[in-house]
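Following: one structure in structure tokens, then a few remarks.
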Amino acid sequence: MDNPLSPVVYIVDDDISVRESLQHTFSTFGFRSRIFKSATDFLAFPREIRPSCLVLDVRLPGLSGLDLQRRVFAERFAIPVIFITAFADVPISVQAMKAGAVEFLTKPIDISHLMEAVQLAIAHSGEAIAQTESYLSLQRRYATLSQRERQVMSLVTSGLLNKQVAWKLGICEITVKAHRGRLMRKMKASSLADLVRMESSLGAASAGGTNASVDAEAHPAVAIPDSGLSQADAARR
């Protein structure tokens, strides 16, 4: 039975011999893979929330590889892209790398370079998914707070003492302490410093650091801070 957490390599190439050869290679190295003959076929495949990467031909019928890369970056950020091509086209390779591709390899493919890039991409994909899950869990906990608890959290994490929070809100200090205790439990914060970090994460999301509007069902598209895949040398670390 397929483990939903096991990594998978998606292969999109219009040449069946290339698809099957790559699938066999990945199987040899212990990776599951799924093959597609076109960008359209790949986009029609249901999203899977698991560490993954996309090995993608540049020249495809219909949507090109670069077109698909843009779609993946916008909709399925946690699937890093590795390009393969039979044509050494420097401008296209530069464009692909600037758009965040992990690697750009020419056929015949050097298997050692390919596997190095795949392993790096899978690792970053797993990290991105974990960060997303952690952030969504934080969002869900925050959603359980009452309006008053959110006010207390905001004031406490800004550095105000309980009595200052009480004065600000026009309530008793003992009431502030009660709200503070409840919100700490709901947020699963072990300390004030922990709570400050949570508030900072939520604030950064609201300011655009992460996509706070994406819910748990759509979380493959949540924007995560720089994964390290945006530079060409990242694939060679």
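Bear in mind these aren't lab numbers, they're just calculated from the coordinates by the rules spelled out. All values reported here derive from a predicted model rather than from experimental measurement. All Cβ positions, glycine included, derive from the backbone under ideal geometry; neighbour counts span all protein chains shown.
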Amide H within-cut-off set for residue 32, under 5 Å, with H built and near neighbours excluded: 9
Sequence of 163, 177 once ranked by neighbouring C-beta atoms within 10 Å, starting from the fewest: 163, 177
Placed amide H near residue 107: partners under 5 Å, 5+ positions off or other chain: 85, 86, 87
Chymotrypsin sites (Phe, Trp or Tyr not before Pro) within the stretch 18-104: DSSP coil, no more than 15 neighbouring Cβ in 10 Å: 29, 87
HN-Hα J in Hz across the stretch 101-118 - Karplus 6.51, -1.76, 1.60, θ = phi - 60°, x for Gly and Pro: 4, 6, 7, 9, 10, 9, 7, x, 7, 6, 4, 5, 5, 4, 5, 4, 5, 5
Backbone HN-Hα couplings from phi across the stretch 150-166 [Karplus 6.51/-1.76/1.60, Hz, Gly and Pro as x]: 5, 5, 5, 4, 4, 6, 5, 6, 7, x, 7, 6, 4, 5, 6, 5, 4
Range of Cα positions in the stretch 8-131 per principal axis (Å), largest first: 36, 31, 25
